[in-house]
Amino acid sequence: MRVHNLATLPLGLYHDEAYNGLDALAMTEGALFPHFPRGWELYSAEAHAERPPTPTRFPLFFEGNYGREPLHIYLMAASVWLFGNTPFALRLVPALSGVIAVAAVYLVAGVFIAGEQGSRGAGEKNSQFTIHNSQFTILRRMGLRHPLPRRPLQPLRLADDGLYPRGVLVRLLLLARH
């Protein structure tokens, strides 16, 4: 279900998907960054009027389209390089990151709830809920960066800091899936 008709559903490419794809394609073609497709030249001229950036092939931050972190673009560039410049290649990275997020929910919820209640099936129940959540599935079928599994790991950081008891962290984990 994660990759079935991934190239055609949802219909068309959204603006952000297409812009991510332009940056990924530029990376596969060896372009130097900052790279601004048409429409962002004015932003570039104004933002870098006093101090122009040093051109690089592997930026730490993509400035176009209001700025994006690089991990998603790098993974998309690898996908475009492997599968060609297609919607499938752009959407494969978020779809696979959704699978990783389900695994993270399974592991984290299992550890937190099993510690409190001794329930070994807690991870399975929470991951099943995540799998069948329509919003989770739909967002993971678009070429956007928010499906990357960074949110499921936030409760772990809070637990290390000792800020919340485990039960609260599990609830935060369930809410943080979006």
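The C-beta contact set for the stretch 44-57 (first residue closer than 21 Å to MET27 by Cβ, second residue among the aromatic types (Phe, Trp, Tyr) and surrounded by 10 or more Cβ atoms within 10 Å (Cβ to Cβ), distance under 9 angstrom, 6+ apart or interchain) comprises SER44/PHE36; PRO53/PHE33; PRO55/PHE33; THR56/PHE33; ARG57/PHE33. The residues of the stretch 138-155 that are in contact with a helix residue (DSSP H, G or I) (Cβ under 9 Å, 6 or more places away or on another chain) and at pLDDT 75 or above, listed by number, are LEU139, ARG140, ARG141, MET142, GLY143, LEU144. Total residues in the stretch 33-51 satisfying the condition of being in contact with a helix residue (DSSP H, G or I) (Cβ under 9 Å, 6 or more places away or on another chain) and not aromatic (Phe, Trp, Tyr): the figure is 3. If the condition is being part of a loop (DSSP other than H, G, I, E, B) and modelled with pLDDT under 80, then the stretch 99-137 contributes GLY118, SER119, ARG120, GLY121, ASN133. A single member of LEU71, LEU96, LEU75, LEU6 is assigned to a helix (DSSP H, G or I), within 18 Å of the chain's Cα centre (by Cα) and buried (at least 18 other Cβ atoms within 10 Å of the Cβ), and it is LEU75. In this structure, does LEU13 turn out to be surrounded by fewer than 16 Cβ atoms within 10 Å (Cβ to Cβ) and of a type outside the set (Val, Ile, Thr)? Considered against the rule, which asks whether it is surrounded by fewer than 16 Cβ atoms within 10 Å (Cβ to Cβ) and of a type outside the set (Val, Ile, Thr), LEU13 comes out as no. Being surrounded by 10 or more Cβ atoms within 10 Å (Cβ to Cβ) and in contact with a Pro (Cβ under 7 Å, 6 or more places away or on another chain) is the filter here; which residues of the stretch 37-63 pass it? Passing the criteria: SER44, PRO53, PRO59, PHE61, PHE62, GLU63.
The values are calculated or read from the model by the stated rules, or taken from the named source; none is laboratory data. Please read these numbers as outputs of a predicted model, since none were measured by experiment. Every residue, glycine as well, gets a Cβ built from its backbone with ideal geometry; the counts of neighbours run over all protein chains shown.
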